[in-house]
C-alpha cells in the first residue's frame, strides 16, 4: 500500500479529518485504552494530518504519562485520532484506522504492540 491520502471521521460526522498515512505499518495495542476501544492504529507526521471539521466538538482524555492527547467526539464518543510526540520530539498523530473511509482495518497485517507492559 505505502503512503496514501485518506479521509476519516467519527460516527456522527461532526469531526472529520484527512491524512497521508502508510497502512502497511498499523498496530494493535493491548494497553488499557486501546484494548477496550479495539483500535487499529497508524501513525503519521503532524504535518500530514488536517482536521477538517469539528475542533469545537472534541473532548480530550489523558491517562498514564499524560503525553498522548486522546481526542474524541463529544456527540458520538468515537476517538478518530490522538496527538503526541515521537521519542525524538517530533509531533505525530495516531489515527484510528477504523475511522478511515474505504479501509477494512481487519484485513491489514497489523503488528502487536505490548503497551500494557510499557
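A few points about this structure:
- From its DSSP helices (H runs of at least four residues, each -39,500 (n - 2.57)), the chain gives a residue-normalised ellipticity at 222 nm of -1000 deg cm²/dmol.
- Fully extended contour minus Cα-Cα distance, from residue 63 to residue 101, at 0.36 nm per residue: 10.9 nm
- Sorting 99-112, 27-40 by their mean Cβ neighbour count within 10 Å, with the most densely packed peptide first, gives 27-40, 99-112.
- Extent along principal axes [Cα atoms of the chain; Å; largest to smallest]: 34, 32, 27
Bear in mind that the values in this text are calculations on the coordinates, not laboratory data. Worth saying up front: this structure is predicted, and the values here are computed from it rather than measured. Methodologically, a virtual Cβ is constructed for each residue, glycine included, from the backbone with ideal geometry; neighbour enumeration extends over all protein chains shown.
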